[in-house]
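To keep things clear, I will list the structure first and then write my remarks on it.
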Amino acid sequence: MVYDGIVIGLIVGFLRAGWRNGIAALSQIRIKGGLIFPVLLAIQFLLFFLHDRVPVIAHYNGYMFMIVYAAGLYVLVLNRKEKGFWWIFAGVALNFLVMLVNGGKMPVSVEAASVLEPKFVEMLQNGAITTKHSMLDDSTLLPFLGDIIPLTKPYPRSQVISIGDVIMNIGIFVYFQHVMVTYRKRSPIVETNLNNEI
């Protein structure tokens, strides 16, 4: 779901700021510890890839994801002064919390998952999905923080998201709007100053 927030934020940002100002604004982004994010993403893909191949990873997979989430939260705290980052932090923290109390797995509502492929729902019910998700049932702690919100048509991609995902994506959207639109408003002033100097 984080990719959706980025894509929507960028599209709206470009529409509001213009292509030229938008690109220029994005080139000015400086995030503390920013290189950690692609590393964390690579680690997640590696965990998915090795889950069924390395028994140790399969056994401790949930805890490894918790470490990844904790590192992500640390980077967000470093950038807490950036507009929208507290929203992002709150959303990630809620997802981290519900996964932490449920053995490192994100609980998924079977009813909400009905918008997905039937095979996914079947695997969820059979416990075949063991990497990052588990079926939400009576034993689930903090179930309201799990993946309980279904998204389907007219939304372009059917998926099930959590309250944390919603809050996180609000923060991502706010951040991109602030960066791109603020640059658009500032750029005419910069150009005027440069022309006066010339």
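Please order TYR63, TYR69 by the number of other Cβ within 10 Å, starting at the fewest.
Working: TYR63 11, TYR69 20.
Neighbour counts put them in this order, fewest first: TYR63, TYR69.
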Where in the chain are the helices, taken as whole DSSP H runs, whose Cα atoms extend 20 angstrom or more along the long axis and whose Kyte-Doolittle mean reaches at least 0.0? 2-17, 36-50, 55-78, 85-100, 163-197
Counting each DSSP H run of 4 or more residues in the chain as -39500 (n - 2.57), what helix-only mean residue ellipticity at 222 nm follows after dividing by all residues, to the nearest 500 deg cm²/dmol? -21000 deg cm²/dmol
For the chain, what's the relative contact order in percent, using C-alpha pairs closer than 8 Å and at least 6 residues apart? 32
How about LYS105: which lysines have a C-alpha closer than 25 Å to its C-alpha, ignoring those fewer than 8 places off in the same chain? LYS119, LYS132
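Starting from the Cα coordinates of the chain, work out the convex hull volume and express it per residue in Å³. Don't jump to the answer; show the numbers that get you there.
On the way: hull volume 26.0 nm³, N = 198.
Cα-based convex hull of the chain, divided per residue, equals 131 Å³.
Throughout, read-outs are computed from the coordinates displayed, never taken from laboratory work. Predicted model, so just to flag it, every value in this text is computed and none were measured. Neighbour counts run over all protein chains shown; Cβ positions are idealised from the backbone, glycine included.
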